[in-house]
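Structure first, commentary second.
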């Protein structure tokens, strides 16, 4: 439990707004059979502990904005990148192998590049906060210290320090990351609002267009049923499917016969009455999605509609859909982010994206130089 709490705190601090990149996130490569040595035993790459032992902790690896970054500090970002990019060092037979997602670089280079990127993101926060004359208040510092003392009271300081050590993190680095997180929130809030409160609808519309977002409601009549023995969805019989089609056609006829003034409310009523998609009930505002988030039949049909138009019957693997395209709601949560909680609305994600662009500009203004020790790194030497 204590390890999970510390890891969560660190990741939250490092990636307060990193969900802007989630749409491009990929699963770590799955382990492949490792080559065997002359004894027939599987070969393993160097462990993180062995790699860390390549240099004394105080060895300078790079200089960022005139400040030296030691191996002790940098390796925290290295080990995090290993788990982020390859899942586990056990999945790697050689760090010099091609990285599965980019054959132009090795696994080691991908890990190092990612580690530098995360480090620079934190350094850019410090740099930007300085430009904006923002700094931590005494209350901020007291809150951070209070968080630490709360963990100490619950778990004991020795266990906390040992847990950090297992993650190649020091107490000083832990505090620096938390402080950087506070500064990030101050910068974001000052520029755009923590959840985009300062953004205009035009800002959000531009982001939605760039990300190719669509929004739609639908009525689904399923052509799947639950198998009583396995509990799995299985296709209906031809007779059952024909009955489902007939029901969908009846609903469509009712829609096409509507002559009232509030079609949106009318369609919502039909959704509640007829739709067999639980998501339609859970998301009364509709589905906010972009390319690849929905089955292709649903996405393609939505793209063919103008806002305010409805489709005919659209068949997918799930059943028969009648789709109604609606204006994009800046307060809606895109389905790709729904598992992260209701706070990640389109407005919030727009703010995160805009702030990410600002931070990239700050990073470009920070001078970075790499030491001979960094340039000579070879993780396989640690085997």
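Each reported figure results from applying straightforward, stated rules to the coordinates on display, with no laboratory input. Here the structure is a predicted model, which means the values were calculated and not measured. A quick note on method: Cβ atoms are made from the backbone with ideal geometry, for glycine too, and the neighbour counts reach across all protein chains shown.
By per-residue mean of other Cβ atoms within 10 Å, what is the highest-first order of 83-96, 248-261? List each step's numbers first, then the result.
Details: 83-96: 17.9, 248-261: 12.5.
Packing proxy ranking, top to bottom: 83-96, 248-261.
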Legend entry - R0 of 25 Å, Cβ-Cβ distance residue 285-residue 211: FRET efficiency to nearest 0.05: 0.90
Inset, instruction - Take each of the peptides 171-183, 277-289, average the number of other beta-carbon atoms within 10 Å over its residues, and list them starting from the highest. - result: 171-183, 277-289
Inset, instruction - Quick one: angle between helix 263-274 and the longest Cα principal axis of the chain, in degrees between 0 and 90, rounded to 10, please. - result: 90 degrees
Inset, instruction - Work out, in µm²/s and without decimals, the Stokes-Einstein translational diffusion coefficient of the chain at 20 °C, 1.002 mPa s, Rh from Kirkwood over C-alpha pairs. - result: 87 µm²/s
Legend entry - Packing rank of 223-233, 358-368, where each peptide gets the mean count of other beta carbons within 10 Å, highest leading: 358-368, 223-233
Inset, instruction - Please find, in a Gaussian network model of the chain (springs between Cα atoms separated by less than 10 Å), the residue of 351, 244, 332 whose mean-square fluctuation is greatest. - result: 244
Legend entry - Radius of gyration, Dmax [the stretch 95-221; alpha carbons; angstrom]: 20.8, 59
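Counting each DSSP H run of 4 or more residues in the chain as -39500 (n - 2.57), what helix-only mean residue ellipticity at 222 nm follows after dividing by all residues, to the nearest 500 deg cm²/dmol?
Numbers: 14 runs with 185 residues, N = 383.
Taking each H run of at least 4 residues, the total per residue is -15500 deg cm²/dmol.
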Legend entry - Simple spin-label estimate for residue 306 and residue 226 in nanometres, 7 Å along Cα-Cβ: 4.2 nm
Inset, instruction - Would you mind checking the tilt of helix 2-14 against the longest principal axis of the Cα atoms of the chain, expressed as 0 to 90 degrees and rounded to 10? - result: 80 degrees
